[in-house]
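Step one of this worksheet: look at the structure below.
The values are calculated or read from the model by the stated rules, or taken from the named source; none is laboratory data. Predicted model, so just to flag it, every value in this text is computed and none were measured. Neighbour counts are summed over all protein chains in view; Cβ atoms, including those assigned to glycine, are modelled from backbone coordinates with ideal geometry. Just the protein is used for accessible areas: all its heavy atoms, side chains included, with ligands, DNA and RNA removed. Shrake-Rupley method; radii C 1.70, N 1.55, O 1.52, S 1.80 Å.
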Amino acid sequence: GLGFNIVGGTDQQYIANDNSIYVSWIKKDGAAYLDGRLQEGDKILAINGKELKDLRHKDAVELFRNAGYYVSLKIQRRLQPQNGPVVHQGDGESGGLPLAAVLVPGLALAAAAVWILLRYRQRM
């Protein structure tokens, strides 16, 4: 998976009178955590160009499950000022590299390290 959970939708509003989809939790060492750009509380406006407007929660979950190898998220960053209401900032693409561009080289590097370690132990 992408390494995060979502809340919200037309049938499970996370914020009263708001059908939006929000990031509720990011799995430590998951894809989103390793990428570092997504934050808990971010509003997800679109995934791979498909807007997440007026969707039931399960339909939004299905879009994430079927997102494919390269995932592009359009988010709205949630800022929480001290002693004030929660506000949102930005309305753009997450930018930068796709998650897969970070994960695939990292996994390849880890696999190579394990292979080298096993070869080294065999010679001893």
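List pairs: first in the range 7-18 and within 12 Å of VAL61 (Cβ to Cβ), second aliphatic (A, V, I, L, M) and surrounded by 14 or more Cβ atoms within 10 Å (Cβ to Cβ), Cβ under 8 Å, 6+ apart or cross-chain?
Every condition considered, the pairs that remain are VAL7/ILE21; GLY8/ILE21; GLY8/ALA60; GLY9/ILE21; GLY9/LEU55; GLY9/ALA60.
What number of residues within the range 1-21 satisfy the criterion of being open to solvent by less than 20 Å² (accessible area, probe 1.4 Å) and farther than 24 Å from TYR69 by Cβ?
Filtering the range 1-21 for residues open to solvent by less than 20 Å² (accessible area, probe 1.4 Å) gives 3, 8-9, 21.
With the extra rule that they be farther than 24 Å from TYR69 by Cβ, the set shrinks to 8-9.
The number of residues fulfilling the criteria is 2.
I'd like the full set of residues that are without any contact (Cβ under 8 Å) to a residue 40 or more places away in the chain and either among the aliphatic types (A, V, I, L, M) or open to solvent by 90 Å² or more (accessible area, probe 1.4 Å) (or both), limited to the range 52-74.
The answer is LEU52, LYS53, LEU63, ASN66, TYR69, TYR70, LEU73.
Would a scan of the range 40-47 turn up a residue that is touching an Asp or Glu at 6+ places or on another chain (Cβ under 7 Å) and part of a loop (DSSP other than H, G, I, E, B)?
Here is the first cut: in the range 40-47, the residues touching an Asp or Glu at 6+ places or on another chain (Cβ under 7 Å) are 45.
Okay, now just the ones that are also part of a loop (DSSP other than H, G, I, E, B), so none.
Looking through the range 40-47, none of the residues is touching an Asp or Glu at 6+ places or on another chain (Cβ under 7 Å) and part of a loop (DSSP other than H, G, I, E, B).
Being open to solvent by less than 60 Å² (accessible area, probe 1.4 Å) and under 11 Å from ILE6 (Cβ atoms): is that true of SER24 here?
Details: open to solvent by less than 60 Å² (accessible area, probe 1.4 Å): yes; under 11 Å from ILE6 (Cβ atoms): yes.
Yes, satisfied.
When both residues are 6+ apart or on different chains and their Cβ atoms are under 9 Å apart, which pairs have a first residue that lies in the range 30-49 and is touching a residue at least 12 places away in the same chain (Cβ under 8 Å) and under 15 Å from PHE64 (Cα atoms), and a second that is open to solvent by less than 30 Å² (accessible area, probe 1.4 Å) and among the polar types (S, T, N, Q)?
Listed by first residue and then by second, the contacts come to LYS43/SER20; ILE44/SER20; LEU45/SER20.
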